[in-house]
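Report on the following structure.
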Amino acid sequence: MSYQLVLQWRQPKLPSFDELLEIEEALIEVIGQGGDVDGHDVGASECNIFIETENPEACFEKVRARFDTAPWFADLYVGYRRMDSDVFTPVWPESMPSFSVS
């Protein structure tokens, strides 16, 4: 089964467009065979990077293990959904009750 893992930043802590592209490139290297970085979107209130993966929790653990001390990680929200669903499961921060993409 395929899932969409979403890494998200919200106002007022949005990375610049150049930073977002750098993060995306770094994710491609770290995730490897664990998923495919499938692009990004930038809006007025949030920025998202989309990753298609068969195992969203394991994929996020790779990201977390490599980038948990990166400055951008402190402002990160993460959730995932099955590709055939609109319902997201919140992942990070661990106490986050819900997750959505605008």
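Nothing in this text is a laboratory measurement; each read-out follows from the coordinates by a stated rule. Note that the structure is a prediction, hence the values are computed from the model and not measured. Counting neighbours? That spans all protein chains shown, and the Cβs are built from the backbone with ideal geometry, glycine included.
Inspect segment 83-102 for any residue being crowded, with 17+ Cβ neighbours inside 10 Å, among the hydrophobic types (A, V, I, L, M, F, W, C) and over 11 Å from the mean Cα position of the chain (by Cα) and give the result as yes or no.
Just the residues of segment 83-102 that are crowded, with 17+ Cβ neighbours inside 10 Å, to begin with: 88, 91-92, 99.
After this cut, where a residue has to be among the hydrophobic types (A, V, I, L, M, F, W, C) as well, the list is 88, 91-92, 99.
From what's left, over 11 Å from the mean Cα position of the chain (by Cα): 88, 99.
Yes, some residue in segment 83-102 is crowded, with 17+ Cβ neighbours inside 10 Å, among the hydrophobic types (A, V, I, L, M, F, W, C) and over 11 Å from the mean Cα position of the chain (by Cα).
Being outside any loop (DSSP other than H, G, I, E, B), out of contact with any Asp or Glu (no Cβ under 9 Å at 6 or more places or on another chain) and closer than 15 Å to Leu5 by Cα is the filter here, so list the residues in segment 43-72 that pass it.
The answer is Pro56, Glu57, Ala58, Cys59, Phe60, Glu61, Lys62, Val63, Arg64.
Inspect segment 29-40 for any residue being part of a strand (DSSP E or B), closer than 26 Å to Asp84 by Cβ, touching a residue at least 24 places away in the same chain (Cβ under 8 Å) and not hydrophobic (A, V, I, L, M, F, W, C) and give the result as yes or no. Spell out how you get there, then give the answer.
Residues of segment 29-40 that are part of a strand (DSSP E or B), as a first pass: 36-40.
Remaining after also requiring closer than 26 Å to Asp84 by Cβ: 36-40.
Imposing the further condition that a residue be touching a residue at least 24 places away in the same chain (Cβ under 8 Å) reduces the set to 38.
Okay, now just the ones that are also not hydrophobic (A, V, I, L, M, F, W, C), so 38.
Checked against the condition, which is being part of a strand (DSSP E or B), closer than 26 Å to Asp84 by Cβ, touching a residue at least 24 places away in the same chain (Cβ under 8 Å) and not hydrophobic (A, V, I, L, M, F, W, C), segment 29-40 yields at least one hit.
Within segment 31-50, which residues are closer than 26 Å to Gln11 by Cβ, surrounded by fewer than 16 Cβ atoms within 10 Å (Cβ to Cβ) and either over 12 Å from the mean Cα position of the chain (by Cα) or polar (S, T, N, Q) (or both)?
Within segment 31-50, Val42, Gly43, Ala44, Ser45 meet the criteria.
Pairs under 7 Å by beta carbon, first residue closer than 15 Å to Gln4 by Cα and touching a residue at least 12 places away in the same chain (Cβ under 8 Å) in segment 91-102, partner outside any loop (DSSP other than H, G, I, E, B) and among the β-branched types (Val, Ile, Thr), six or more apart or different chains?
Val91/Val78; Trp92/Val78; Val101/Val6
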